[in-house]
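Visitor: First, the structure itself, so that you have it in front of you.
The values are calculated or read from the model by the stated rules, or taken from the named source; none is laboratory data. All values reported here derive from a predicted model rather than from experimental measurement. Cβ sites come from the backbone with ideal geometry, for glycine too, and all protein chains shown count toward neighbours. Quick note on the areas: whole protein, heavy atoms, side chains included, nothing else; ligands and nucleic acids left out. Shrake-Rupley method; radii C 1.70, N 1.55, O 1.52, S 1.80 Å.
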Amino acid sequence: MIAGLLTRLLQGLGVMLVVGLLAFAVSTKLGDPVNNMLGQNATIEEREAMRRELGLDQPFVVQYGRYLGRVLRGQLGVSYRLGVPVGELLAERLPASVELSGMAMLLTLVLGVPLGIYTAIRRGSLLSKVILGASLAGLSVPTFLTGLLLIFLFAVQLQWLPSSGRGEVVSIGPWTTGLLTGSGLRSLLLPSITLALFSLALLLRLVRGELLDVLHSDHVRFSRARGLPERAIHFRHGLRNALLPVVTVAALQLGNLLAFSVVTETVFQWPGMGLLFLQAVQFVDVPVISSYLLLAAVAFVLINLVVDLSYLVLDPRVRSTVGRS
Amino acid sequence: MRRLAGLVLLGALLAVGSAAAQTFRYASTGDLLTLDPHSADEALSNSFKNNVHEGLVRFNEKLEPEPALAVSWKNVDPVTWRFQLRREVTFHDGTPFTADDVVFSYNRQRSKNSVMASHVATIKSVRKIDDYTIEYVTVGPDPILLRNLTEHFIVSKKWCEQHATTEPVAGLKEETYATRHENGTGPFQVVERLPDTRTVLVPYPKWWDLPNKKYAITRAEFRPIANAATRLAALISGELELAYPVAPQDVARVEGQKGFRVIKKPELRVVYLGMDQWRDESLDMPGSKKNPFKDVRVRRALYQAIDVEAIRAKVMRGMAAPTGLTIPEGTEGYDAKLRERYPYDPAASRKLLAEAGYPDGFPVTFDCPNDRYINDEAICQSLVPMLARVGVKATLNSQTKSKHFDKILRKSNNNTSLFLLGFSPETADAMATFVPTMTMKGEGAGAWNAGRYSNPKVEELVDQIRVEMNQEKRRALMSEVLRIHKEDFGHLPLHEQLIIWGVRDGVEVTPDARDRVQLRFVKMRQ
């Protein structure tokens with residue numbers, strides 16, 4: 001058990017190293033940050049001096065070595081764009097992203113699981129067909145388009161909701177929240193729906209598929225033969241067994257929502273980490289880009305670990321194999 | 001009596017009306033990087049500075065210098081300028097403004113970590129004569145000192161010392177107190193600053209120019225909205241008074257919307273093509289020992305192959321002003337007589353290419369940015385077939401501005417043969433274009449001269465212009481530079497792009513030709 005956990009952690013460390021290298025390699029290939037930092041009026045000599053100061057005149061290996069050294073000492077560097085330590089910058093933007101992806105996750109679970117169950121049980125009904133058709137759209141229409149359509153409908157035409165931004169926020173210690181103000185909640189609605197649509201459709205279809213599989217398996221047929229009520233068959237014997245893959249995918253979706261809300265945050269000018277990341281890419285803000293990608297990797301490694309642990313609770317078969325090894 | 005009562009009532013109503021909040025909300029593509037006027041030299045940050053900070057001199061609406069924190073000045077000798085400072089000016093925290101602040105600001109702006117040093121680079125020293133008199137000594141006679149002083153921002157010595165921000169920050173330094181706080185003397189003061197979310201300003205009640213104020217707003221909110229469609233939606237849904245820039249393809253959408261209009265004005269920027277005139281062998285023709293662009297006939301052939309009218313009408317949807325000059329109208333030194341373009345004439349192009357020894361044309365890589373100027377990539381795409389028509393096989397290489405500038409500028413040894421660039425002389429003086437883009441010798445030369453155009457005659461003239469104090473003579477010299485450069489086909493100008501602002505009715509605002517919103521010129525009707 002503990003050995004298994006340790007192996008997992010070591011694997012996670014390996015992933016982090018690879019991601020770190022890739023993140024750094026990619027961010028140094030985005031162009032020249034110096035021109036963005038100094039502006040039009042800088043002379044050639046001033047540009048050279050800045051390049052030396054940033055260490056950009058060094059070979060790649062030296063630059064990566066320095067970067068790795070800094071990260072291991074817990075220093076993520078200072079943003080080229082804003083002159084703020086990257087750690088602070090990410091901490092400032094974290095609440096907005098967490099609230100957005102948290103709300104999107106909530107929508108995904110609250111709507112995705114029941115709708116999945118419904119479409120599995122009432123397979124032939126008209127409503128099921130409509131839901132499944134809509135879910136196909138949710139999977140295939142790109143996020144920026146959904147976002148713009150929602151803005152057009154609810155902000156421009158109906159003028160019910162604000163088109164962008166986070167509204168008024170309240171500070172609670174280092175955390176800022178928009179959940180406690182009316183304008184904050186109203187602002188959260190459109191972006192969280194936009195962000196949730198894909199994962200909602202995915203989860204819905206997954207729940208349906210898994211449940212259908214299970215409902216066709218022997219133990220369900222046997223339960224029916226025993227004359228158990230449909231309700232018990234669906235929820236006690238069916239759903240429980242269908243949930244395992246659903247938990248994995250839902251958890252990974254949480255990682256996706258958190259790390260890759262870039263498009264949604266840009267469309268809605270949501271001041272979270274995704275918007276920060278996009279601005280960093282445009283500016284070639286290397287410290288922010290590499291730290292953000294590293295952070296995303298940490299999030300995924302941790303989520304995977306939690307998922308693995310949850311299997312122990314959910315599935316007795318897993319428990320027994322881990323116990324034996 | 002009743003009439004009088006009516007007037008009083010009306011007066012009271014008007015007073016109430018003008019006291020009611022007039023909040024001017026506006027949005028652009030990004031946020032300012034810092035409130036510190038000496039720590040960023042970037043379009044949006046620059047466009048914001050004049051709202052809270054001032055120099056001894058400022059630009060009026062036509063970009064002509066006028067007194068600001070100085071009331072008058074005179075030349076004691078050709079290199080010594082004596083400025084009388086304005087009395088009774090206070091910084092936003094109430095501290096009085098004196099000569100010490102000017103000396104301090106000069107040193108701060110030219111210090112090692114300042115990115116705004118270029119605007120005070122010609123000033124050798126500063127001397128306080130008394131509390132309200134200072135002297136600047138320039139390196140040589142300096143005809144553009146006053147224009148540069150509009151970008152020489154005065155900060156409070158006491159405040160900076162109190163908050164340990166006596167030096168600006170650039171590069172790997174961490175932010176200081178001045179990054180998120182300001183203490184200028186300008187017409188507006190910042191009351192809230194949430195980076196990447198919003199910046200809120202209110203009029204400074206003790207501004208020295210309040211009796212002549214031209215603004216009529218009680219509050220301003222600036223928001224960055226990166227996505228063009230979202231920005232437009234925010235305007236049309238009534239969340240903004242001004243959104244800029246509006247993409248040319250969205251102009252009809254705004255104009256068709258009741259209660260909104262579009263303001264257009266040529267920007268102080270010319271979009272043009274540059275060619276490598278330095279290498280003996282073109283990067284795209286290895287082994288040939290030839291660089292076609294060294295031959296003026298080839299450069300002229302490319303020029304006459306470009307149907308600039310088609311670009312204006314189709315790619316830019318009319319939102320461009322074609323020009324034959326690389327400096328825009330409104331710049332000191334601009335010569336309207338030279339604006340006319342050589343005619344579009346593909347037949348003449350082909351003939352010129354044949355004469356130059358390229359009857360079948362030649363291959364060239366065409367470097368182009370795709371996120372810097374209005375429709376930049378589309379302009380380049382439309383140029384490729386135009387060049388192909390006369391035999392020049394251009395391979396388009398369009399990429400983000402960070403990669404584009406990385407490739408064409410000196411860092412990569414000007415690794416380009418043909419490129420698109422849009423250049424703005426920010427001080428509205430032609431020298432701001434001549435020196436970095438049309439010369440290779442001397443202070444500050446060549447930083448943006450990616451094709452390394454150099455003509456000894458131009459270099460000589462530019463050296464003369466640098467120190468020529470007689471305005472008429474100076475203009476004549478500048479015209480001469482423009483004429484030579486035009487006949488050299490040193491660059492191939494296309495157009496001045498238009499500033500396009502979407503505005504809600506009832507808001508009066510004049511764009512600064514540098515695409516800056518000057519809050520002191522914004523009026524809102526009740």
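Visitor: Can you list the residues, at least 5 places off or on another chain, whose amide H is less than 5 Å from the amide H of B:N291, using H built in the peptide plane?
Guide: Amide H neighbours of B:N291, under 5 Å, 5+ apart: B:S282.
Visitor: Pick out which of A:V61, A:V286, A:V214 has the largest mean-square fluctuation in a Gaussian network model of chain A, springs linking Cα atoms closer than 10 Å.
Guide: A:V61
Visitor: Would you mind working out the magnitude of the charge dipole of chain A relative to its Cα centre, with +1 at each Lys and Arg C-beta and -1 at each Asp and Glu C-beta, to the nearest 20 Debye?
Guide: 1480 debye
Visitor: Using Cα positions and a limit of under 29 Å, work out the lysines in reach of B:K473, with same-chain residues fewer than 8 apart set aside.
Guide: Output for B:K473: B:K62, B:K74, B:K124, B:K337, B:K441, B:K457, B:K486.
Visitor: Quote the charge dipole size of chain B about the Cα centre in Debye, to the nearest 20; the model charges only the Cβ of Lys and Arg (+1) and of Asp and Glu (-1).
Guide: On the way: 73 positive and 67 negative charges, 187 e Å.
Dipole magnitude for chain B comes out near 900 debye.
Visitor: Moving on to the next point. Amide H neighbours of B:R58 under 5 Å, counting only residues 5+ apart in sequence or on other chains, H built in-plane at 1.01 Å?
Guide: B:E66, B:A68
Visitor: Then there's this: Can you work out ³J(HN,Hα) from phi for every residue in segment B:454-462, in order, using Karplus 6.51 cos²θ - 1.76 cosθ + 1.60 and θ = phi - 60°, giving whole Hz and x for Gly and Pro?
Guide: 8, 10, x, 5, 5, 4, 5, 4, 5
Visitor: Separate question: Which cross-chain or sequence-distant (5 or more) residues have an amide H under 5 Å from the amide H of B:I499, H modelled 1.01 Å from N in plane?
Guide: Those lying under 5 Å, H to H, from B:I499 are B:K265, B:E267.
Visitor: Per residue of B:401-410, what is the mean number of Cβ atoms on other protein chains within 10 angstrom of that residue's Cβ?
Guide: The mean count of partner-chain Cβ atoms within 10 Å per residue comes to 5.
Visitor: Tell me, what is the percent relative contact order of segment A:180-325, built from C-alpha pairs under 8 Å that lie six or more residues apart?
Guide: It rounds to 20 percent for segment A:180-325.
Visitor: Let me ask something else. Working from Cα positions, state the angle (0 to 90°, nearest 10) between the long axis of helix A:86-121 and the longest principal axis of chain A.
Guide: 20 degrees
Visitor: Determine the order of B:E241, B:E255 by accessible area, beginning with the largest, at a probe radius of 1.4 Å.
Guide: B:E255, B:E241
Visitor: Take every DSSP beta bridge whose two residues both sit in segment B:266-498, then give the antiparallel share in percent to the nearest 5.
Guide: Beta bridges within segment B:266-498, antiparallel portion: roughly 60 percent.
Visitor: Among A:L148, A:L180, A:L302, which one shows the highest mean-square fluctuation when chain A is modelled as a Gaussian network with alpha-carbon springs under 10 Å?
Guide: Highest fluctuation among the options: A:L180.
Visitor: So what is Rg over Rh here for segment B:2-224, counting just Cα atoms and using Kirkwood for Rh?
Guide: With Rh from the inverse mean 1/r over Cα pairs, Rg/Rh is 1.03.
Visitor: A further question follows. Among A:G102, A:G147, A:G55, whose mean-square fluctuation peaks in a Gaussian network model of chain A (Cα, cutoff 10 Å)?
Guide: A:G55
Visitor: Further question on the same structure: Using only the Cα atoms of segment B:380-526, build the gyration tensor, take square roots of its eigenvalues as a ≥ b ≥ c, and label the shape rounded, prolate or oblate: rounded if a/c is under 1.5, else prolate if a/b is larger than b/c, else oblate.
Guide: oblate
Visitor: Per residue, what volume in Å³ does the convex hull of the Cα atoms of chain A enclose?
Guide: Given the Cα convex hull of chain A, per-residue volume reads 180 Å³.
Visitor: So if I place +1 on the C-beta of Lys and Arg and -1 on the C-beta of Asp and Glu, and nothing else carries charge, what would the dipole magnitude of segment B:2-224 be about its Cα centre? I want it in debye, nearest 20.
Guide: On the way: 28 positive and 27 negative charges, 146 e Å.
Approximately 700 debye in magnitude.
Visitor: Now for a separate question. Once a ≥ b ≥ c are taken as the square roots of the eigenvalues of the Cα gyration tensor of segment B:64-181, is the result rounded (a/c under 1.5), prolate (a/b larger than b/c) or oblate (a/b not larger than b/c)?
Guide: Because a/c hits 1.5 or more and a/b fails to exceed b/c, segment B:64-181 counts as oblate.
Visitor: Rounded, prolate or oblate: pick one for segment A:6-139, where a ≥ b ≥ c are the square roots of the eigenvalues of its C-alpha gyration tensor, a/c under 1.5 means rounded, and failing that, prolate if a/b is larger than b/c, else oblate.
Guide: In terms of gyration-tensor shape, prolate.
Visitor: Which percent, to the nearest 5, of DSSP beta bridges fully inside chain B are antiparallel? All intermediate terms of the calculation are to be shown ahead of the outcome.
Guide: Values: 56 of 75 bridges.
Of all bridge pairs located within chain B, approximately 75 percent are antiparallel.
Visitor: Choose one of B:P143, B:T95, A:T108: the residue whose Cα lies farthest towards the positive end of the charge dipole of the protein assembly as shown (beta-carbon charges +1 Lys, Arg; -1 Asp, Glu; about the Cα centre).
Guide: Highest projection toward the positive end goes to A:T108.
Visitor: What's the average, rounded to a whole number, of partner chain beta-carbon atoms within 10 Å of each residue's beta-carbon in B:233-242?
Guide: Average per residue, whole number: 5.
Visitor: Now, a different point. Return a whole-number percent for the relative contact order of chain A, with Cα pairs under 8 Å and 6 or more residues apart as the contact set.
Guide: 28 percent
Visitor: Also, I was wondering about something else. For chain B, find the longest principal axis of its Cα atoms and tell me its angle to the long axis of helix B:376-389, 0 to 90°, nearest 10.
Guide: Between helix and principal axis, roughly 20 degrees.
Visitor: Hey, what do the phi angles of segment B:247-252 turn into as Karplus ³J(HN,Hα) couplings, whole Hz, using 6.51/-1.76/1.60 and θ = phi - 60°, x for Gly and Pro?
Guide: 5, x, 6, 9, 4, 4
Visitor: Hey, what did segment B:266-498 get for relative contact order, percent, Cα under 8 Å, at least 6 apart?
Guide: 32 percent
Visitor: For the protein assembly as shown, what ratio Rg/Rh do Cα atoms give with a Kirkwood hydrodynamic radius?
Guide: Value, to two decimals: 1.02.
Visitor: Give the average, rounded to an integer, of partner chain Cβ atoms located within 10 angstrom of each Cβ in B:41-48.
Guide: If you average over the peptide's residues, the count of other-chain Cβ atoms is 2.
Visitor: In addition: Expressed as a whole number of Å, what is the distance separating the alpha-carbon centroids of segment B:409-431 and segment B:40-92?
Guide: 27 Å
Visitor: Another question about this same structure. For B:K290, B:K62, give the ranking by accessible area with the largest first, probe 1.4 Å.
Guide: My answer, sorted largest first, is B:K62, B:K290.
Visitor: Rg to Rh ratio, chain B, alpha-carbon atoms and Kirkwood radius?
Guide: 1.00
Visitor: What angle do you read, to the nearest 10 degrees and between 0 and 90, between the alpha-carbon axis of helix B:296-305 and the longest principal axis of chain B?
Guide: 70 degrees
Visitor: Roughly what % antiparallel, to the nearest 5, for the DSSP beta bridges in the protein assembly as shown?
Guide: Within the protein assembly as shown, antiparallel bridges account for around 75 percent of the total.
Visitor: What order do you get for B:191-198, B:474-481 when each peptide is scored by the mean count of other beta carbon atoms within 10 Å, highest first? The partial results should precede the final answer.
Guide: Working: B:191-198: 17.4, B:474-481: 19.8.
Ranking the peptides B:191-198, B:474-481 by packing returns B:474-481, B:191-198.
Visitor: Enter the Cα centre distance for the pair segment B:151-224 and segment A:216-248, rounded to the nearest angstrom.
Guide: If you average the Cα positions of each part, the centres end up 66 Å apart.
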